[in-house]
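First up is the structure itself, then whatever we jot down about it.
The values are calculated or read from the model by the stated rules, or taken from the named source; none is laboratory data. Since this is a predicted model, take the numbers as computed values, not measurements. Counting neighbours? That spans all protein chains shown, and the Cβs are built from the backbone with ideal geometry, glycine included.
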Amino acid sequence: MRVAVVGSGVLGAAVADELVRRGLSVVVCTAEESRPPVTDVAFGWLNSHGSAAEPPSGTRDRDELARSLGVLRSVTARPPLRGIITWNGAVSWASTATATARFAERSGPDVATVEAGALRQILPGLRVPPPVVAHASDEGMVEPGDLRHAFLARARAGGATVVAARVDRIRARRAGGYELQGTGAALTIDRIVLACGTGLPALAEQLGEHIEVPGVPAARFIFSAPELRLDRVVSTPDFEIRPSARHCRRRLNPDPVWAVEL
């Protein structure tokens, strides 16, 4: 069976890798030369609990995220993905100590409350610590672009083909399967996986499906600040900050880089 994965962000790359490992013939259609995947500018926080500043909407969300995180740990335990994720945990707090404690209690045994005195051991660069924070010891961070490239590299090594082509039209064939048309040569395939983010609704509509992909507006800044001495994600009511996962993996860069999302 020949399967086309439309989109080369981290989702498309991971799906392609999994399908190849299951023995399928895979073609990845990517338009990243003209439209880079949003993965490359994503924040890169891997968590199943949400944040004390913005808890998940329900237990179902938390359970699904926990399962996904477990699968990701397993999938990235082998080369070339081993070590690409830094599992240093994360710290978050809400606008009040009561809300922070309530979040930690509801999140289960992997999230504990830490008071200001002990917090200085975890975040020595924090000048004005809140009275209490929630510390999730099982969470991680990653440079999202590095992760997707690693998935794609392993998929290619397993036999996947990556085609530089934007897919604009999907046509069902009478004989079975589909024809993909766009900026490259037409492709005839048996199955399709749509993993193209905001481009997904228009393609899904051609197959008679209505799928919404809402935008998630955020401002992301990257800067250097060695004095922060930060080695894990921090989430507050006002912003989220993540140290460079590359720096934490290698511990060689004398001028650490941080990403902040508002």
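The residues in region 145-193 that are assigned to a strand (DSSP E or B), farther than 23 Å from L207 by Cα and among the aliphatic types (A, V, I, L, M) can be counted, and the count is 1. Filtering region 104-120 to residues that are touching a Leu at 6+ places or on another chain (Cβ under 9 Å) and crowded, with 16+ Cβ neighbours inside 10 Å leaves only L119.
Scan region 87-103 for residues that are part of a helix (DSSP H, G or I), modelled with pLDDT of 95 or more and surrounded by 19 or more Cβ atoms within 10 Å (Cβ to Cβ) and the total you get is 1. Out of curiosity, is A186 loosely packed, with under 13 Cβ neighbours inside 10 Å and closer than 21 Å to T161 by Cα? It is true that A186 is loosely packed, with under 13 Cβ neighbours inside 10 Å and closer than 21 Å to T161 by Cα.
Here L72, L81 are screened, and the one residue that is more than 28 Å from F103 (Cα to Cα), touching a helix residue (DSSP H, G or I) at 6+ places or on another chain (Cβ under 9 Å) and either modelled with pLDDT of 85 or more or hydroxyl-bearing (S, T, Y) (or both) is L81. Scanning region 13-72 for residues that are among the polar types (S, T, N, Q) and closer than 30 Å to A94 by Cα returns T39, N47, S48, S51, S57, T59, S68. The requirement of being in contact (Cβ under 8 Å) with a residue 60 or more places away in the chain and assigned by TED's automatic domain parsing to the domain that holds P37 is satisfied by A150.
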